[in-house]
Amino acid sequence: MQDSPTPKIRLRGLRKAFGPKQVLDGVDLEVRARHSMVILGGSGSGKSVTIKCILGLIRPDAGVIEVDGADVTRLNRRDRAALMDRMGMLFQNGALFDSIPVWENVCFKLLAQRRISRAQARDHAAEALAQVGLAASVGDLSPAELSGGMQKRVALARAIAARPDIIFFDEPTTGLDPIMGAVIDGLIVDCVERLGATAVSITHDMASARRIGDDAAMIHGGRIVWTGSAEALGRTGNAMVDQFANGEREGPIRMELRK
Amino acid sequence: MSAVLDVVATLGRAVLGALARIGRLALFAGEALSCLVRPPFALRQFRQQFIEIAYFSLPVVALTALFTGMVLALQSYTGFARFNAESAIASVVVLSVTRELGPVLAGLMVAGRIGAAMAAEIGTMRVTDQIDALTTLSTDPMKHLVAPRLLAATLAMPLLVIVADIIGVMGGFLVAVFKLGFVAQAYLDATFDVLELMDVVSGLVKAAVFGFVVALMGTWCGYNSRGGAQGVGQATTTAVVASSILILALDYVVTAAFFSE
């Protein structure tokens with residue numbers, strides 16, 4: 001794999017507060033092109049806020065977000081739309097549109113941009129569904145008729161259908177049994193490799209992090225406290241990361257429990 | 001002294017909060033209206049919403065108008081009989097229905113049916129990340145969700161009110177002729193003699209304003225809902241209550257604009 005000298009995504013001093021709570025307090029992170037970065041961290045540590053800032057869903061208070069070396073922090077409507085064309089996102093709960101059938105969900109972006117006709121979209125959806133191991137007949141179902149695992153697969157098919165070059169995964173295995181979690185992870189790895197895309201995932205699931213990540217970063221207290229290889233998780237030598245990865249009660253990370 | 005200052009400070013905070021909310025609502029409406037003149041247009045969503053509002057609200061609006069016209073004729077008769085003024089029933093029914101009751105009752109019915117549905121649907125989309133998903137799929141949620149609903153409600157309400165006017169007058173006619181013994185032709189002549197174009201036009205302008213308000217409050221409350229099922233429920237209630245109050249308040253404003261000397 002050829003590494004590009006410019007990181008695909010670079011965050012510098014990213015800050016975001018909600019009222020008195022400082023969620024991001026100077027996040028610095030680099031994501032290599034065509035690599036898979038996994039961001040770890042406890043609940044409420046700012047993982048989701050970080051990727052929502054990159055996607056433009058939340059405006060940061062300060063800091064710089066670069067994609068391919070260009071600052072995308074304060075884009076106008078048109079440039080933001082152009083950037084979004086290159087990105088895909090798998091939401092934690094799938095976020096499928098329940099008012100339309102699966103095939104329309106999968107091809108939503110292509111249909112919205114009139115890149116394909118509705119007749120072509122059915123065939124395109126069938127191809128995308130096949131890539132995540134689902135039969136074409138699933139396309140005619142409503143999202144409410146699908147199991148949790150199938151909804152995740154459809155959401156993955158939707159995220160990759162427009163062939164983005166950056167894909168975000170928000171807790172891709174949350175709520176799934178371990179086998180289905182492994183299946184989804186395998187599909188994510190296959191899809192990202194097939195597209196040659198850059199992936200950024202956030203997860204609590206260490207097995208999932210090791211399966212889908214090339215690189216890993218840990219966020220704590222609103223900052224990135226460690227970056228390294230995803231393979232090394234659990235034996236990094238960083239007490240905070242090792243406590244989190246091994247799920248240990250004692251260590252530098254203290255849970256705030258009300259007495 | 002400090003107690004007085006506390007009261008003033010509390011009032012000030014409330015006023016500032018209300019002004020801030022009105023400002024945000026105005027910005028929201030402005031952005032939605034700007035989507036109506038910036039292509040691409042969400043024609044498919046507009047068509048779906050128009051059918052939902054204009055066609056599927058017909059039964060409830062028609063029934064409301066029918067019984068209102070019937071009750072109006074009956075009440076007018078019992079009241080006017082004391083002054084030997086029964087002949088004014090036709091005028092009272094047609095003017096009340098076209099100027100006031102048609103648009104206001106249709107507006108309130110649509111607020112309950114459509115405003116609540118809009119707030120619940122968009123609110124659920126908000127709390128389940130579907131609105132964020134729209135953005136990540138290169139689709140402007142204002143263009144896709146809000147603008148088509150505003151346009152559809154603004155255009156559909158006058159059509160519903162035309163139907164409500166006809167059925168309301170017909171309700172009065174049925175009671176007058178079959179229960180109160182009026183001569184059918186005489187009742188119809190009295191109805192059309194008193195009716196002027198401005199009576200109908202003012203009702204249709206009210207209908208368009210009420211449609212816009214119902215859709216604006218439904219989409220605004222849904223779009224800004226937070227916190228899961230409870231938040232969606234709260235958004236739905238707020239949408240219906242706020243749009244109902246606004247309908248009654250704007251009814252006075254439009255009436256004053258049309259009929260003040």
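Things worth noting here:
- Placing a pseudo-label 7 Å from each Cα along the Cα-to-Cβ vector at residue B:21 and residue A:239 gives an inter-label distance of 5.0 nm.
- Looking at the stretch A:116-259, the DSSP beta bridges with both ends there are about 55 percent antiparallel.
- Within chain B, longest stretch clear of exposed trypsin sites (Lys or Arg not before Pro) (DSSP loop, no more than 15 other Cβ within 10 Å): B:1-178
- Annotation note: chymotrypsin sites (Phe, Trp or Tyr not before Pro) in the stretch B:16-106 located in DSSP loop regions with a Cβ neighbour count of at most 15 within 10 Å are B:41, B:56.
- Theoretical ellipticity at 222 nm over chain B - DSSP helices of four or more residues, -39500 (n - 2.57) apiece, nearest 500: -26500 deg cm²/dmol
- The phi torsions of the stretch B:42-49, fed into the Karplus equation with coefficients 6.51, -1.76 and 1.60 and a -60° offset, translate into couplings of 8, 5, 4, 5, 4, 4, 4, 5 Hz, rounded to whole numbers, with Gly and Pro shown as x.
- Between residue B:58 and residue B:194, the distance separating the two model label sites (each 7 Å from Cα on the Cα→Cβ line) works out to 3.0 nm.
- Helix B:184-194 vs. chain B, principal-axis angle (Cα, 0 to 90°, nearest 10): 60 degrees
- ³J(HN,Hα), Karplus 6.51/-1.76/1.60, whole Hz, each residue of the stretch A:210-223, x for Gly, Pro: 5, 6, 9, x, 8, 10, 9, 9, 10, 10, 8, x, x, 10
- Considering only B:78, B:124, B:154, the Gaussian network model of chain B with Cα springs below 10 Å gives its largest mean-square fluctuation to B:78.
- Other-chain or far-sequence residues with amide H under 5 Å of residue A:62's (modelled H): A:15
- The residues of chain B have, on average, 49 Å² of accessible surface per residue, using a 1.4 Å probe with all protein chains present.
- Counted charge near residue A:103, where neighbours are those whose Cβ lies closer than 12 Å (Asp, Glu -1; Lys, Arg +1): -1
- In chain A, the sites counted are GluC sites (Glu not before Pro) in DSSP loop states with at most 14 other Cβ atoms within 10 Å, and the longest stretch holding none of them, exclusive of the sites, is A:1-247.
- Residues whose placed amide H lies under 5 Å from that of residue A:223, excluding near-sequence neighbours: A:25
- GNM result for chain A, Cα springs below 10 Å: residue of A:166, A:39, A:54 fluctuating most strongly: A:54
- When the Cα positions of B:191, B:247, B:88 are compared along the charge dipole of the stretch B:42-259, B:247 comes out farthest toward the positive end, with charges on each C-beta of Lys, Arg, Asp and Glu.
- Amide H contacts for residue A:94 (H built 1.01 Å from N in the peptide plane; partners 5 or more residues away or on another chain; cut-off under 5 Å): none found.
- Taking the DSSP beta bridges with both ends in chain A, the antiparallel portion is around 55 percent.
- Dipole in debye (nearest 20) - chain B, about Cα centre, beta carbon charges: Lys, Arg +1; Asp, Glu -1: 660 debye
- Label-zone membership for the stretch A:82-121, site residue A:135, 7 angstrom Cα→C-beta point, backbone N under 17 Å: A:102-103
- For the stretch A:51-76 versus the stretch B:110-189, the gap between their alpha-carbon centres in whole angstrom: 41 Å
- Within the shell defined by Cβ-Cβ distances under 15 Å, the residues around residue A:176 carry a net charge of -2, with Lys and Arg each +1 and Asp and Glu each -1.
- Rounded to the nearest 10 Å², the accessible area of residue B:238 at probe 1.4 Å: 70 Å²
- Taking Cβ atoms as reference points and 12 Å as the exclusive limit, the residues near residue B:205 contribute a net charge of 0, counting Lys and Arg as +1 and Asp and Glu as -1.
- For residue A:119 and residue B:51, the FRET efficiency from 1/(1 + (r/R0)^6), where r spans their Cβ atoms and R0 equals 30 Å, is about 0.85.
- HN-Hα J in Hz across the stretch B:32-41 - Karplus 6.51, -1.76, 1.60, θ = phi - 60°, x for Gly and Pro: 5, 5, 5, 5, 6, 10, 10, x, x, 9
- In degrees, nearest ten, helix B:58-80 long axis to first principal axis of chain B (Cα): 40 degrees
The values are calculated or read from the model by the stated rules, or taken from the named source; none is laboratory data. Only a predicted model underlies this, so the values are computations on that prediction, with no experimental measurement involved. Ideal geometry is used to build each Cβ from the backbone, glycine not excepted, and the neighbour counts take in all protein chains shown. Accessible surface is based on the protein model in full, side chains and every heavy atom, while ligands, DNA and RNA are left aside. Shrake-Rupley method; radii C 1.70, N 1.55, O 1.52, S 1.80 Å.
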